[in-house]
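Enquirer: Take this structure, written in structure tokens, and hold onto it; I'll ask about it next.
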Amino acid sequence: MSELVAPQLVVNSRMIYFGWVPADPEAVAALVPDGLEPMANRQVFMNQYVVDRPEQTSGFGAYSLTYIGPDLEDAYAPDGVTPGRWWTHYFNSSVVVREYAAARGVPATAGRTTIEVSGGELVATTESDGVPVIRTTARVGDTGTAVNRGQLRYITEVGGQRLSGIYPFVAEPVDPFEIVSLEFLEPSHPVYALRPAEPLQIVWGFYSPRSSFAYPGGESAMV
């Protein structure tokens with residue numbers, strides 16, 4: 001197989017993507033590098049998704065992924081509303097995708113994500129090196145005519161150069177949608193620093209059984 005080059009396309013992934021207020025705002029802020037600014041409430045984002053078949057990708061093959069990190073105050077997406085994002089953890093089941101992501105400054109490590117839906121209940125579980133570390137439970141309905149679309153911005157760093165990556169997406173969200181619980185299962189794992197406050201404060205989110213995106217759509221050096 002030839003070397004993968006950007007961008008790569010993924011279609012119809014099963015994706016639950018949402019954000020929350022953390023239990024330890026100072027710990028979250030400490031994960032943001034100098035020159036970037038976390039949101040005032042230190043909110044955290046997480047995307048858990050599964051790509052079931054190789055035919056859903058232009059070159060990645062089938063894989064699963066959970067990524068997570070702080071939202072940024074000073075690096076908005078092209079819409080001027082959606083915060084830019086800084087990855088702190090990235091648990092990916094595919095060596096191919098991990099290598100592609102790591103070359104672009106993503107902190108890619110081995111992991112596995114499963115999403116199971118039964119009777120209107122969704123359970124998404126993230127494993128890091130075989131150990132369950134995060135479990136999301138949500139109430140989910142069906143897709144209708146609604147479509148989420150736009151571009152997200154993720155900041156990475158390669159060789160001391162900070163990069164801005166723009167990621168276009170199209171997703172069909174379900175309705176209703178409600179996060180019931182978010183559990184960080186392993187206090188000794190570094191990702192535990194991003195655990196949610198109690199009571200749980202969800203600031204945005206969706207589940208889509210058909211979410212598509214380019215990875216990345218465009219990268220540029222930040223001054």
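Enquirer: Could you grab the pairs with beta carbons closer than 9 Å, sequence gap of 6+ or different chains, first residue in the stretch 161-189 and without any contact (Cβ under 8 Å) to a residue 12 or more places away in the chain, second one outside any strand (DSSP E or B)?
Expert: Going by the 9 Å Cβ cut-off, the qualifying pairs are PRO187/ARG195.
Enquirer: Does the stretch 201-223 contain at least one residue that is modelled with pLDDT under 95 and crowded, with 19+ Cβ neighbours inside 10 Å?
Expert: Yes: one or more hits.
Enquirer: State the number of residues belonging to the stretch 15-64 that are without any contact (Cβ under 8 Å) to a residue 40 or more places away in the chain and of a type in the set (Ser, Thr, Tyr).
Expert: Of the residues in that region, 1 qualify.
Enquirer: Oh, and also: Within the stretch 12-60, which residues are over 21 Å from ALA171 (Cβ atoms), open to solvent by 10 Å² or more (accessible area, probe 1.4 Å) and of a type in the set (A, V, I, L, M)?
Expert: Residues satisfying the conditions are VAL21, ALA23, ALA27, ALA29, ALA30, LEU31, VAL32, LEU36, MET39, ALA40.
Enquirer: How many residues are outside any helix (DSSP H, G or I) and surrounded by fewer than 19 Cβ atoms within 10 Å (Cβ to Cβ) if we restrict to the stretch 94-135? Spell out how you get there, then give the answer.
Expert: Going through the stretch 94-135, the residues outside any helix (DSSP H, G or I) turn out to be 94, 103-135.
If we keep only those that are surrounded by fewer than 19 Cβ atoms within 10 Å (Cβ to Cβ) as well, we get 103-104, 107, 109-110, 114, 116-121, 123, 129-132, 135.
Counting residues in the stretch 94-135 that are outside any helix (DSSP H, G or I) and surrounded by fewer than 19 Cβ atoms within 10 Å (Cβ to Cβ) gives 18.
Enquirer: Now a separate question. Quick one: count up the residues across the stretch 136-160 that are exposed (fewer than 13 other Cβ atoms within 10 Å of the Cβ) and more than 27 Å from PRO33 (Cα to Cα). It would help to see each step written out before you state the result.
Expert: Taking the stretch 136-160 as the starting set, the residues that turn out to be exposed (fewer than 13 other Cβ atoms within 10 Å of the Cβ) are 142, 144-147, 149, 159-160.
From what is left, the residues that are more than 27 Å from PRO33 (Cα to Cα) are 142, 144-147, 149.
Final tally of qualifying residues: 6.
Enquirer: If a residue must be more than 17 Å from GLY141 (Cα to Cα) and crowded, with 17+ Cβ neighbours inside 10 Å, how many such residues does the stretch 172-184 contain?
Expert: Within the stretch 172-184, the first condition is being more than 17 Å from GLY141 (Cα to Cα), and the residues that meet it are 182-184.
Filter once more, keeping what is crowded, with 17+ Cβ neighbours inside 10 Å: 182, 184.
The qualifying residues number 2.
Enquirer: Go through (1) closer than 27 Å to ARG149 by Cβ; (2) open to solvent by less than 60 Å² (accessible area, probe 1.4 Å); (3) in a loop (DSSP other than H, G, I, E, B); (4) touching a strand residue (DSSP E or B) at 6+ places or on another chain (Cβ under 6 Å) one by one and return the number of the condition GLY69 breaks.
Expert: (3)
Enquirer: Moving on. Suppose we filter the stretch 161-171 for residues that are among the polar types (S, T, N, Q) and open to solvent by 40 Å² or more (accessible area, probe 1.4 Å); how many remain?
Expert: Qualifying residue count, the stretch 161-171: 1.
Enquirer: Return the only residue of THR156, THR126, THR109, THR88 being β-branched (Val, Ile, Thr) and within 24 Å of ARG210 (Cβ to Cβ).
Expert: Answer to the selection: THR126.
The values are calculated or read from the model by the stated rules, or taken from the named source; none is laboratory data. These numbers come from a predicted model, not from an experiment. Cβ coordinates were reconstructed from backbone atoms using ideal geometry, including for glycine residues, and neighbour counts include every protein chain displayed. All accessible areas refer to the heavy atoms of the entire protein, side chains included, with ligands and DNA or RNA removed. Shrake-Rupley method; radii C 1.70, N 1.55, O 1.52, S 1.80 Å.
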